[in-house]
Each structure stands twice: as C-alpha cells, then as structure tokens.
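Visitor: Sharing a structure below in structure tokens format, with a few things to ask.
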Amino acid sequence: MELKNKLEILADAAKYDASCASSGTTKRDSSGSATALGSSGGAGICHSYAPDGRCISLLKVLLTNACIYDCHYCINRRSSDVQRARFSVAEVVQLTLDFYKRNYIEGLFLSSGIVRNPDYTMERVVEVARQLRVVHDFRGYIHLKTIPEASQDLIDQAGEYADRISINIELASQQSLDRLAPEKDMSRTQKAMGGIRSRIDADSERKQADRQTGKRRSKKERHFAPAGQSTQMIVGADASPDRQLLERADVFYGAHRLKRAYYSAFTP
C-alpha cells in the first residue's frame, strides 16, 4: 500500500481520540544549534480542534488500526469491517520530520491498535519517539498513547521520550468494560497510571533538589513526561450516567494528578 493511502486511513482512524493538547510541557527549541530540529513552545504554535476531535497542528496518526481487541465502541475493533493499514516505525519518523520541515505541524500524537500483544505494539510506539529524539534530535512536542497492559518498563520508556503520555479510561466501571471491552481491566489501567504518577513525582522531586543545589541537568538527561499524563472517557457508549463518568474522572485527577481528562462522544 502506498504511503499516501496509509496516511489517509490511519489519520482518519485517529480522529476519535480527543486527548492531544500540548499545554504544560517544558520549553525547548533548536535555536543556536546546528544539528537540532524542532520546537515545543514559542510564538506561532497553537493547537485547535475540529468538531470530530482532530488536532490541527499535530501529526495525529495511529501506528496501525488493526487490533486484536474487540471493544464494541471502537471503530477499529477486531470485528469491524474497515480497511486496515499499518505504518513501519521508519515511515512515521519520516512523515513527522517531513511535515515539520514543511511547517505543517509542530509535533506528533501517536497511538495504535494492539497487534500481536501489548508489549510488541508498545515497543514500536516507543521506538518512533526514541528515533525522533535520539537519532534526529527532534525537539518538537510528542504525545504517546500508552497501553496499560504493556510492561511498566515500556511505559517508563515512553515517558522518557514523550512530553505527555496518556492511557484511556474510556468507561466508568469494570462492569461496563466487561460488557463492551472484555479484554480491558480497570485495575491494570489504575496500576499503570499510578506508575506514571510515581515517575512524574520522582522527577519533580529531583528537579526541586537540583534547583536548591544549583545543579543543572545535561541536555541528554530527559525530564519524565514534563506535560504530565491525561486520559479520555467516552460519553454515551453505555447506560452509565454522565455523573458517574465525572466522578470517576475526579478520582483519577486526585489519585494520579492528571493534567486533563478529555471526553468524546460515542459515535455509533
């Protein structure tokens, strides 16, 4: 399949994910460097949203819309009759660089359907960010959607390279997940989000200690997910009242210090 066709399919498949704002990250830019590329802040960078949730100024794509899960509210579920496509890691990296150099975007929002298993998929999502940061010295904004069923080590790696990482809660209770997304487990999501918060807190404590001692980190030392973590919930996918969704989000705001919980309307 041609790259253009893949982009049409996988950009369209990503439009249902609303959680791709870039506020709150640390400011980095490539001015004064002969080899660095990109910027995560500064004048002229804005992030507006189309009615269907598309983020205008980020390259917002799925690595693949193939998925072994059969979440009934998701257009990319295993049983859905949609055209499938899959990017290689190199293709997403090159698209991001090419779009940035043409001034189309200021960063990348990357999610993925689950192929083979969560760790296999998460490894490839992380590798995209690693190559952008390490190989190409890309200093623009990166938001990675992580997979709660993936190992904590891979989620930690995502936070090392991304400005923001997120895990979708999607529904308000385990009972709803059992009916509509039987492969998902709320307790695993909570555990993964707790692990992210712990790493963010540890990084914040280190930054505070560095300020007190006057120590400066080297450019190669990265802050862990400096724009924090976010999540998304689907409104109208089941019979749960809106109040239950808000109460669940409130719990996660307190327990995991979310930067933001996003809400997207269920699309039949």
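The values are calculated or read from the model by the stated rules, or taken from the named source; none is laboratory data. All values reported here derive from a predicted model rather than from experimental measurement. Here the Cβ positions follow ideal geometry from the backbone for every residue, glycine too, while neighbour counts run over all protein chains shown. Ligands, DNA and RNA are stripped out before the accessible areas are found, and what is left, the full protein with its side chains, is counted by its heavy atoms. Shrake-Rupley method; radii C 1.70, N 1.55, O 1.52, S 1.80 Å.
Visitor: Please specify each residue of the range 125-162 satisfying the condition of being in contact with a strand residue (DSSP E or B) (Cβ under 9 Å, 6 or more places away or on another chain), open to solvent by 10 Å² or more (accessible area, probe 1.4 Å) and farther than 24 Å from Ser198 by Cα.
Guide: Gln131, His136, Asp137, Arg139
Visitor: Taking the range 210-246 as the region of interest, how many residues are at pLDDT 85 or above, within 22 Å of the chain's Cα centre (by Cα) and assigned to a loop (DSSP other than H, G, I, E, B)?
Guide: Qualifying residue count, the range 210-246: 7.
Visitor: Which of the residues belonging to the range 88-111 are touching a residue at least 60 places away in the same chain (Cβ under 8 Å), open to solvent by 20 Å² or more (accessible area, probe 1.4 Å) and of a type in the set (Phe, Trp, Tyr)?
Guide: Scanning the range 88-111 gives a single hit, Tyr100.
Visitor: For residues that are loosely packed, with under 14 Cβ neighbours inside 10 Å and of a type in the set (S, T, N, Q), scanning just the range 65-87, find the one that is nearest to Ala11 (Cα to Cα).
Guide: Of everything passing the filter in the range 65-87, Gln83 is nearest to Ala11 (Cα to Cα).
Visitor: Report the residue count in the range 230-268 for those that are free of Cβ contacts under 8 Å to residues at least 40 places away in the same chain and β-branched (Val, Ile, Thr).
Guide: Result for the range 230-268: 2.
Visitor: Still on this model: Read through the list (1) buried (at least 17 other Cβ atoms within 10 Å of the Cβ); (2) of a type outside the set (Gly, Ala, Ser); (3) in a loop (DSSP other than H, G, I, E, B), then give the number of the only condition that Gln190 fails.
Guide: (3)
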